[in-house]
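Contents: one structure, followed by commentary.
The values are calculated or read from the model by the stated rules, or taken from the named source; none is laboratory data. Bear in mind that the values here come from a model prediction, so they are computed numbers and not experimental data. Here the Cβ positions follow ideal geometry from the backbone for every residue, glycine too, while neighbour counts run over all protein chains shown. Calculation scope for accessible area: heavy atoms of the full protein, side chains included, ligands and nucleic acids excluded. Shrake-Rupley method; radii C 1.70, N 1.55, O 1.52, S 1.80 Å.
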Amino acid sequence: MPVEFLGIAATNDGSETTPRSGAAFDKDHTLRLARAHEEYGWDRVLFAYGSGSPDPAPAAAYVASRTERLGILLAHRPNVSYPTFAAKTFATLDQISDGRLTVHFITGGSDHEQRREGDTLTKDERYARTREYIGVVKKIWTTREPFDHEGEHYRFHDFVSDVFPVQQPRPGVSFGGSSPAAYAAGGAEADIYCLWGEPLARTAEQIESVRAAARAAGRTDLPRIQAAFRPIIAPTEELAWEKAHRTVGAIRERRAAGAVRHHRGDAPQNTGSQRLLDIAAQGERYDRALWTPTAAATGGAGNSNALVGTPETVARALLDYYDLGVDILSARGYDLLDDAIDFGRYVIPLVREEVARRDAERAATAAADAAGQGSRVLAQAGERA
């Protein structure tokens, strides 16, 4: 099966290890970073959402109008706009990008972060709202006649959009979360289900939970699986681990100085972050290259488990996840521009080459099996004659 790579479309050069050098929305950096991803073999980039951050939709439109191939993954929180408005925004962006849009719907795992923009629903209520929201957006994208909607969270009458996506029947829907409520909502509605990088055994368990939820929702197709990591690579293993320890030291220094935003209080509310902290408490290193101190240093904030090693080691680690059924690999370094270039130059080709080799091998085996079956059928026919 094909493999895809997702990077980050940051609107400035700041990270957990480095303060930003300019404004929150730095047009030049945003475009330079996106073009580096396009040049070095990435498939798409994520425009993330934060309550006080630059609006990702116009930033994505800016990048889409100035790139040719790079896909757009737009993060969106249902609490910030009505689904009729959002569906038109997404369709317009799909038009601007000539069909390169995927939308990542964020339910919100922190009451504190949600309340910054006036959202007072409970976590389970938010998941129910997101599921309804996605269903409405999909219908708007694909319906040419006016319709009414009477739901638990949204009600409108006689609506029809005059702008439709380039992609038919619609753009892809991406979703994430690690709780039963998340699995139920995403399993029912998502084309892509997003996970944070965890040890292989726990990732396999999550994948099965997602697939079980999709089957329970009556789906015959299953969501594609995405997993996210923070790669730390260097020419040798020794240099990679030295870099890893410098990185986590910088995160701790900035967090101690109050420069890294993290969960309010000691215990994050969302299940995904709780899982990351639990994994980190049980050990620092897992499987081939997974390293947890980066997650522990941020309080389990977001995509934060690292893969450490040479490009060859990190590529093999990513292929381990591919073997589980993860066919979208999300990666974001700490020096956003240079790490995107290095990962694209040294890791992505190794993974793609191995996936292509495996696909060719499977195709050859399938062809040989088919030829053998055909010969057996002919032989049996001759015996009957």
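Some points to look at:
- Filter result (of a type outside the set (Asp, Glu) and farther than 11 Å from Asp162 by Cα) within the stretch 128-141: Ala128, Arg129, Thr130, Arg131, Tyr133, Ile134, Gly135, Val136, Val137, Lys138, Lys139
- Taking the listed residues Arg332, Arg255, Arg316, the one that is within 21 Å of Lys243 (Cα to Cα), touching a residue at least 24 places away in the same chain (Cβ under 8 Å), open to solvent by 50 Å² or more (accessible area, probe 1.4 Å) and under 17 Å from the mean Cα position of the chain (by Cα) is Arg332, with no other qualifying.
- With respect to the conditions (1) among the hydrophobic types (A, V, I, L, M, F, W, C); (2) in a helix (DSSP H, G or I); (3) open to solvent by less than 20 Å² (accessible area, probe 1.4 Å), Val308 falls short on a single one, namely (2).
- Flag for Thr89 being free of Cβ contacts under 8 Å to residues at least 60 places away in the same chain, of a type outside the set (Phe, Trp, Tyr) and over 30 Å from Ala356 (Cβ atoms): yes
- Answer residue from the stretch 211-232, given it is among the aliphatic types (A, V, I, L, M) and in contact with a Leu (Cβ under 8 Å, 6 or more places away or on another chain) and is surrounded by the most Cβ atoms within 10 Å (Cβ to Cβ) among those: Ala227
- The residue pairs whose first member lies in the stretch 338-365 and is within 13 Å of Arg316 (Cβ to Cβ), whose second member is hydroxyl-bearing (Ser, Thr, Tyr), and whose beta carbons are closer than 7 Å, counting only pairs six or more residues apart or on different chains, are Val355/Tyr322.
- Sole exception among (1) assigned to a helix (DSSP H, G or I); (2) more than 30 Å from Leu121 (Cβ to Cβ); (3) open to solvent by less than 20 Å² (accessible area, probe 1.4 Å) for Glu353, by number: (3)
- Remark: pairs (first residue in the stretch 108-123, open to solvent by less than 30 Å² (accessible area, probe 1.4 Å); second residue of a type in the set (Asp, Glu) and assigned to a loop (DSSP other than H, G, I, E, B); Cβ separation under 8 Å; 6+ apart in sequence or on different chains) = Gly108/Asp119.
- Taking the stretch 326-344 as the range and being touching a Leu at 6+ places or on another chain (Cβ under 8 Å) and in a helix (DSSP H, G or I) as the test, the residues that pass are Leu336, Leu337, Ala340.
- Applying the criterion of being over 22 Å from Leu350 (Cβ atoms), more than 19 Å from the chain's Cα centre (by Cα) and modelled with pLDDT of 95 or more to the residues of the stretch 36-60, the residue that is most open to solvent (accessible area, probe 1.4 Å) is Pro58.
- Single unsatisfied condition, Arg144 versus (1) buried (at least 22 other Cβ atoms within 10 Å of the Cβ); (2) modelled with pLDDT of 95 or more; (3) of a type outside the set (Val, Ile, Thr): (1)
- When Asp278, Asp287, Asp323 are checked against the criterion of being touching a Leu at 6+ places or on another chain (Cβ under 7 Å), surrounded by fewer than 17 Cβ atoms within 10 Å (Cβ to Cβ) and closer than 25 Å to Glu208 by Cβ, a single residue qualifies: Asp287.
- Search result, residues across the stretch 229-271 that are at pLDDT below 95, of a type in the set (A, V, I, L, M, F, W, C) and assigned to a helix (DSSP H, G or I): Ala256
- Residues in the stretch 6-35 that are touching a Ser or Thr at 6+ places or on another chain (Cβ under 7 Å) and open to solvent by 20 Å² or more (accessible area, probe 1.4 Å) were compared, and the one that is nearest to Gly302 (Cα to Cα) is Glu16.
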